[in-house]
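Participant: Below are the C-alpha cells for one structure; questions will follow.
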Amino acid sequence: MNFSVVIRHLGLIIAIVGLAMLAPVFISIVNREPYVPALTVIAAMTTVLGVLLFLAVRVKETIGYREGFAMVTFGWVAATFFGALPFWMTGAIPVFANAFFESMSGFSTTGASILSDIESLPRSLLFWRSLTHWLGGMGIMVLFVALLSQLGAGGMQVFRAEAPGPITEKIKPRISETAKILWLTYVILTLLQTLLLRAAGLDWFDSLTHTFGTMATGGFSTRNLSVGAFESPAVDWIIIVFMYAAGANFALYYAAVKKKSLKTFWRNEEFKLYTSIIIGATLIIWFIMAAEHGVFKAARLASFQVVSIITTTGYATDDYALWPGLAKGVLFLLMFVGGSAGSTGGGMKVSRYLVLLKHSGMQLKKFFHPRAVFSLKVGGRGYPEDIIISIFQFFFLYIFMVVTGTVIMTGFGLDLKSAQTAVLATLGNIGPGFGAVGPMENYAFLPDAAKYLLCFFMLVGRLEIFTVLVLVLPSFWHK
C-alpha cells in the first residue's frame, strides 16, 4: 500500500468538497442569513487543508488496486466528515453524530434524515444538504477521475471501485473520457429537469434542490412532507420520469445519442427487466389503490412510489405506511431490487437479478440435457465464471448484513419491522422504511451508536460492499 498516493489524492477530494461549499455561502448571502462568516470559514478551511495535503506529498507512482480501493473508501469518509461541518459548526445540527449521519446520507444518496422539522433549516444549509446528493450521485470519485486525466490506468481502479454494478464498461478507451461523458450526461439531465420543474410552478430553489435529489436518486427534500407538499400532479410526473431516467444505465444515453436511435434502450436486457418490474409493480398497486383514490390519482401515487423505491430515491407523495398490506408488500420487495448498473440508484441492481435469473434457467436446462454445454450470455456477451461467483457472493453478503444488522438494531430497542427496514433502507441507499422509520418519520430517536452503524451501512451500500470490506483483510495491507 502506497499511503503517499492515497493521501495526496485524498487532499484533492477534500479540496473539491471545500470548493463546493462556496455554493451555500452564495445562497446564504442572497438570503441575507447570519451564517455567511461561518460558512465562508468552513469552506476556506476545507479547501486549504485539501490543497495543502495535495501539494505536501509528491509521488509519481501509479494507482494500483489497493490504492484505488483505499482512496475511494477513505475519500467517501473524508467527504462525509467535512460535509458535516456546515451543519455542526453553524449550530443547525448541534450533535456531531447527527450532522455526520445527515452528511453520509447525503453523499451516499440515501436520503435518511435525523431532521424532524426540515423547513426550519436555513436555505443555505438545505441547499448544501441537497448538493451533497448531487455530488455523491454520479460520484465524487468519477468527477475526480474526470478531472485528473493523468491518473492513466490508475483511474480505472478508482472508477471500478466507486461505480455501481457488477461490471463497469468503458464508453471511451480512456477512462477519464468515460467519466467526463457520464458527468456531462448527468449535468444535461439536471439542467433539463430543473427547467421543467420551474415551468411547472416551483421556484428556482425548490426546482434545483429537488432535481439534485431526483438525479442522484437521493430523496432529500426541502419540505417536511417531501414532494407531496407541492400538491402538483405536474411536478409529480416530472419527478417520476427523471427518477426513472436516473435509475437506468447512463451509458445507454451516450449510446442512444451516438447511434441516433432510442432502440438502444429496448435492446438492452437489463433496461427491459428494469422497466418490466416497474410496470408490473405499478399495475398491482394501481389496482389496489384505484377504489379509494380514483383511477388517475391512484396511477400517479402508484407510479411515483414504485419508481421512488426501486430507484432508491426515497421521495414520497403520500404516507405509504398507511396503504393496504399488499401494496406495502410490493414496495417492501422493491427495496431488495435497486436501479440499473451504471445508474445513480443503489440497492442490489437489476443487472445482478438478470444474471441470476439466466443462470437459474441455465441450471434447469442442464437437468434435462446433462451432457450439453451452456454459456451464460447477457446482451450477446458472455459472463465469465468469476463474475457470476462474485454476484452470488454479493447476494450472500448483502442478505447476511441485512440479517445481522436487523438483530443489532433490535438491540437498540426497535421493533423487528422498523429494525429490518432501517437496515434495508440504509444499505440499499433508499432512505425511508416502515414503522418507526417510515416515510413521515425520521432517524433522530436512535442512539448515536445506532446512527454510526447505519452510516456504515450507507457507505457499504453505496460502494457495493466489496470496496469497503476488502479493507478489513490483513492481506490487503501487505506488500
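The values are calculated or read from the model by the stated rules, or taken from the named source; none is laboratory data. This one's a predicted model, so the numbers in the text were calculated from it and none came from an experiment. Note that we place each Cβ from the backbone using ideal geometry, even for glycine, and neighbour counts take in every protein chain shown.
Participant: Collect the residues in the stretch 228-249 that are farther than 21 Å from Gly136 by Cα and either within 20 Å of the chain's Cα centre (by Cα) or in contact (Cβ under 8 Å) with a residue 24 or more places away in the chain (or both), keeping them in residue-number order.
Facilitator: Scanning the stretch 228-249 gives Gly228, Phe230, Ser232, Pro233, Ala234, Val235, Asp236, Trp237, Ile238.
Participant: If Leu202 meets every condition in (1) at pLDDT 95 or above; (2) over 18 Å from the mean Cα position of the chain (by Cα); (3) assigned to a helix (DSSP H, G or I); (4) of a type in the set (A, V, I, L, M) apart from one, which number is that one?
Facilitator: Of everything listed in (1) at pLDDT 95 or above; (2) over 18 Å from the mean Cα position of the chain (by Cα); (3) assigned to a helix (DSSP H, G or I); (4) of a type in the set (A, V, I, L, M), Leu202 misses just condition (3).
Participant: Can I ask one more? Any idea which residue in the stretch 225-280 is surrounded by the most Cβ atoms within 10 Å (Cβ to Cβ), counting only those that are assigned to a helix (DSSP H, G or I) and of a type in the set (D, E, K, R)?
Facilitator: Taking the stretch 225-280 first, the residues assigned to a helix (DSSP H, G or I) are 226-230, 233-246, 251-259, 263-266, 269-280.
Filter once more, so that each one left must be of a type in the set (D, E, K, R): 236, 258-259, 263, 269-270, 272.
Working: Asp236: 21, Lys258: 11, Lys259: 11, Lys263: 9, Glu269: 17, Glu270: 25, Lys272: 14.
For the stretch 225-280, the residue satisfying everything is Glu270.
Participant: Scan the stretch 283-306 and give yes if some residue there is of a type in the set (Val, Ile, Thr), closer than 17 Å to Ile240 by Cα and not in a loop (DSSP other than H, G, I, E, B), otherwise no. Reasoning before the result, please.
Facilitator: Our first condition is that a residue be of a type in the set (Val, Ile, Thr); within the stretch 283-306, this holds for 284-285, 288, 295, 306.
Right, trim to closer than 17 Å to Ile240 by Cα and you get 285, 306.
Filter again for not in a loop (DSSP other than H, G, I, E, B), leaving 285, 306.
Scanning the stretch 283-306 turns up at least one residue that is of a type in the set (Val, Ile, Thr), closer than 17 Å to Ile240 by Cα and not in a loop (DSSP other than H, G, I, E, B).
Participant: What are the residues in the stretch 17-68 that are touching a Gly at 6+ places or on another chain (Cβ under 7 Å) and polar (S, T, N, Q), if any?
Facilitator: Hits for the stretch 17-68 are Thr46, Thr47, Thr62.
Participant: Another one. How many residues does the stretch 174-189 hold that are buried (at least 21 other Cβ atoms within 10 Å of the Cβ) and either under 18 Å from the mean Cα position of the chain (by Cα) or outside any helix (DSSP H, G or I) (or both)?
Facilitator: Summing the residues that are buried (at least 21 other Cβ atoms within 10 Å of the Cβ) and either under 18 Å from the mean Cα position of the chain (by Cα) or outside any helix (DSSP H, G or I) (or both) in the stretch 174-189 gives 3.
Participant: Please tell me if Thr217 is among the hydroxyl-bearing types (Ser, Thr, Tyr) and part of a helix (DSSP H, G or I).
Facilitator: No; evaluated as a whole, the condition is false for this residue.
Participant: In the stretch 440-460, how many residues are farther than 23 Å from Ser226 by Cα and either part of a loop (DSSP other than H, G, I, E, B) or touching a residue at least 24 places away in the same chain (Cβ under 8 Å) (or both)?
Facilitator: 9
Participant: Could you list, in sequence order, the residues of the stretch 97-132 that are among the hydrophobic types (A, V, I, L, M, F, W, C), closer than 20 Å to Asp206 by Cβ and assigned to a loop (DSSP other than H, G, I, E, B)?
Facilitator: If the condition is that a residue be among the hydrophobic types (A, V, I, L, M, F, W, C), closer than 20 Å to Asp206 by Cβ and assigned to a loop (DSSP other than H, G, I, E, B), then Leu115, Leu121 are the ones that fit.
Participant: Going residue by residue through the stretch 421-439, is there one that turns out to be part of a loop (DSSP other than H, G, I, E, B) and hydroxyl-bearing (Ser, Thr, Tyr)? Lay out the reasoning, then the answer.
Facilitator: Kept after step one, since they are part of a loop (DSSP other than H, G, I, E, B), are these residues of the stretch 421-439: 428-434, 438-439.
Next cut, hydroxyl-bearing (Ser, Thr, Tyr) only: none.
No: zero hits.
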